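I have placed the structure first, in the form of structure tokens, so that the comments after it can refer back to it.
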Amino acid sequence: MKTKLYKGSLQTIILKLLEQNGRMYGYQICKSVKTLSNNDINITEGALYPTLHKLESTGVIEAEFEKVSGRNRKYYKLTEKGKTETLNKTDELISFIENMQIFLKPNAI
């Protein structure tokens with residue numbers, strides 16, 4: 001059940017990580033999420049890469065390649081549109097969390 005809750009926030013999580021770190025590659029994103037969540041959130045490649053491709057196709061992030069140990073590594077970073085989208089998605093998620101807290105309080109309804 002918890003995984004479904006996080007899945008709806010995956011774009012926001014990725015955008016915030018890119019905002020904070022400048023640029024990251026896929027495995028680095030997965031590892032950061034796992035570390036920051038104390039192993040509570042484990043993003044699979046099957047969830048990560050379609051989300052990255054969607055963000056890239058909408059112009060929110062862009063990819064650049066760099067040779068690392070003789071192999072091309074694909075790094076993702078925010079575009080200007082992505083910076084704005086990160087603010088919007090963060091505000092949206094904060095508002096959602098605040099509203100959910102109302103319903104979680106005893107005697108809220």
Condition (residue is under 18 Å from T84 (Cα atoms) and touching a Ser or Thr at 6+ places or on another chain (Cβ under 9 Å)) applied to the stretch 21-37: is it met by at least one residue? yes
Per the filter on the stretch 75-85, residues open to solvent by 80 Å² or more (accessible area, probe 1.4 Å) and in contact (Cβ under 8 Å) with a residue 12 or more places away in the chain are K81, K83
Among the residues in the stretch 4-25, are any open to solvent by 80 Å² or more (accessible area, probe 1.4 Å), out of contact with any Leu (no Cβ under 9 Å at 6 or more places or on another chain) and among the hydrophobic types (A, V, I, L, M, F, W, C)? yes
So which residues in the stretch 57-109 are among the small types (G, A, S) and not in a strand (DSSP E or B), if there are any at all? S57, G59, S69, G70, G82, S95, A108
Out of N72, N88, N99, N107, sole residue that is of a type in the set (S, T, N, Q), surrounded by fewer than 14 Cβ atoms within 10 Å (Cβ to Cβ), touching an Asp or Glu at 6+ places or on another chain (Cβ under 9 Å) and without any contact (Cβ under 8 Å) to a residue 24 or more places away in the chain: N72
Just checking, does the stretch 8-18 include any residue being in contact with a strand residue (DSSP E or B) (Cβ under 9 Å, 6 or more places away or on another chain), in a strand (DSSP E or B) and at pLDDT 95 or above? no
Hits in the stretch 53-69 - residues which are open to solvent by 70 Å² or more (accessible area, probe 1.4 Å) and under 15 Å from the mean Cα position of the chain (by Cα): H53, K54, E62
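The values are calculated or read from the model by the stated rules, or taken from the named source; none is laboratory data. Note that this is a predicted model, so its numbers are computed, not measured. Neighbour counts are summed over all protein chains in view; Cβ atoms, including those assigned to glycine, are modelled from backbone coordinates with ideal geometry. Quick note on the areas: whole protein, heavy atoms, side chains included, nothing else; ligands and nucleic acids left out. Shrake-Rupley method; radii C 1.70, N 1.55, O 1.52, S 1.80 Å.
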